[in-house]
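The values are calculated or read from the model by the stated rules, or taken from the named source; none is laboratory data. As the structure is a computational prediction, the values presented were derived from the model and not from experiment. Neighbour counts run over all protein chains shown; Cβ positions are idealised from the backbone, glycine included. These accessible areas exclude ligands, DNA and RNA; they are computed on the full protein's heavy atoms, side chains included. Shrake-Rupley method; radii C 1.70, N 1.55, O 1.52, S 1.80 Å.
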Amino acid sequence: MYFKFNEEQEAIRKMVQDFREKEIVPLAPEWDEAECFPREILAKLDDLGLTNLSVPEEYDGPGVDFVSAAVIMEELAYGCAGVTLATGNNTIALYPVVLGGSQEQKEQYLSGACNDGKLAALALYEAEAGVDLARMALTAQKQGEGYVLNGRKGYVTNAPFADYFIVFAKTGGEKGKDLSVFLVEKDTPGLSVGPAISKLGLRAAVAADVVFENVSVGAASLVGKEGDGYSLAAKTFDLARLFIAAIAAGVARAAMDYAAKYAKERIIFGQPLVELEAVRLMLARMAAGVEASKLLTYQAAWLRDEGTPVEGRGAMARYIATEAAMQAGINAVQIMGGYGYSRKFPVEKYMRDAKMLQIIEGDTLAQQVYIAAELLQ
């Protein structure tokens, strides 16, 4: 891998950093406390071309490479992982349409997201199935020229204010070819969104359950062909792993920087806290975790840009980065002592956010299974 960012990627990094420090960092504690996603931030990010990152330029998207997308996610997450997840979720939700959508679907939904500020939500996971797609219970039964959807999706990020949902549903047929994808508008009769789920971390990324009760959609709502769901889900998982890894790298770096700054300024027994060897060792482990996270994440992004399959490498990046973020959050709280445990300071938020990053979009145990599977092939 060529490890030097090009001029455009460095310019993007600087732009995101400036935006983050001005627009996100000062208000992140307030959004976390209120458990709300600031839609005004999304509009401002739209104006800068920092959303809908998977959408090609021909549909009015930014058309950025995967390395640049990872840069954006990491730098935003340094300020607030919850806002970053909610913003990045639109990119992930649109990805099945980018890959398998018809020309009409792309022109309507991709361009709509980029030009009209429309929000998409990925309705993929179910409480009883998780990432086990074979156990998915939501069905789409053929009826006339269209389909009728019944079932429930859980933990759908951005569900309360999404304009449309990208829904994965069982369509019957041969096992392994019985999963399909549908575009469903929010005001379709029979579709209802539950109350926002109160969470430990990532609280600025609002999630809720979505219920489908005899929801009728036309044949034009089908993304690709019947049975394309498994392939589209696998590729969407790949992108989600990369984004979660980049977000976790940003959280780990933020926790490390805050803890290091505090340790240099805090005087204990007549000397800076950072002079204690135990503190230095914790900071050293944090620094190593941050660098390992970034290297694996950007390598996976670069491989995607090269057209190379990255399932195992993406899982490694996701696993290492989320573990590093969790450890950095714990160590930052430990270094700051009682202050670290206080909501007055951001490190307890880093720790809470990191725990959620270890769980969502396929937890760390699932990532280890993917890594082992590729190793043993």
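For this structure, a couple of remarks:
- In the stretch 155-172, residue surrounded by the fewest Cβ atoms within 10 Å (Cβ to Cβ) [restricted to those that are small (Gly, Ala, Ser) and more than 21 Å from the chain's Cα centre (by Cα)]: GLY172
- Options PRO26, PRO62: the member that is out of contact with any strand residue (DSSP E or B) (no Cβ under 6 Å at 6 or more places or on another chain), assigned to a loop (DSSP other than H, G, I, E, B) and over 30 Å from GLY100 (Cβ atoms): PRO26
- TYR78 being among the hydroxyl-bearing types (Ser, Thr, Tyr), open to solvent by 10 Å² or more (accessible area, probe 1.4 Å) and within 24 Å of ARG203 (Cβ to Cβ): yes
- Set side by side, the residues ARG135, ARG152 differ, and just one is touching a residue at least 60 places away in the same chain (Cβ under 8 Å), of a type outside the set (S, T, N, Q) and open to solvent by 50 Å² or more (accessible area, probe 1.4 Å), which is ARG152.
- Given (1) at positive phi; (2) touching a residue at least 60 places away in the same chain (Cβ under 8 Å), number of the condition ALA205 does not satisfy: (1)
- Criterion: open to solvent by 30 Å² or more (accessible area, probe 1.4 Å) and outside any strand (DSSP E or B) - qualifying residue of ARG253, ARG241: ARG253
- Here PHE66 passes the criteria (1) closer than 19 Å to CYS114 by Cβ; (2) free of Cβ contacts under 8 Å to residues at least 24 places away in the same chain; (3) hydrophobic (A, V, I, L, M, F, W, C) except the one numbered (2).
- Residue selected from the stretch 221-238 under the condition in contact with a helix residue (DSSP H, G or I) (Cβ under 7 Å, 6 or more places away or on another chain) and more than 19 Å from ALA159 (Cβ to Cβ), by the criterion most open to solvent (accessible area, probe 1.4 Å): LYS235
- Which listed residue is of a type outside the set (Val, Ile, Thr), loosely packed, with under 15 Cβ neighbours inside 10 Å and modelled with pLDDT under 95, from LYS175, LYS261: LYS175
- In the stretch 301-339, the residues that are within 30 Å of GLU33 (Cβ to Cβ), of a type in the set (Gly, Ala, Ser) and buried (at least 24 other Cβ atoms within 10 Å of the Cβ): ALA321, ALA324, ALA325, ALA328, GLY329, ALA332
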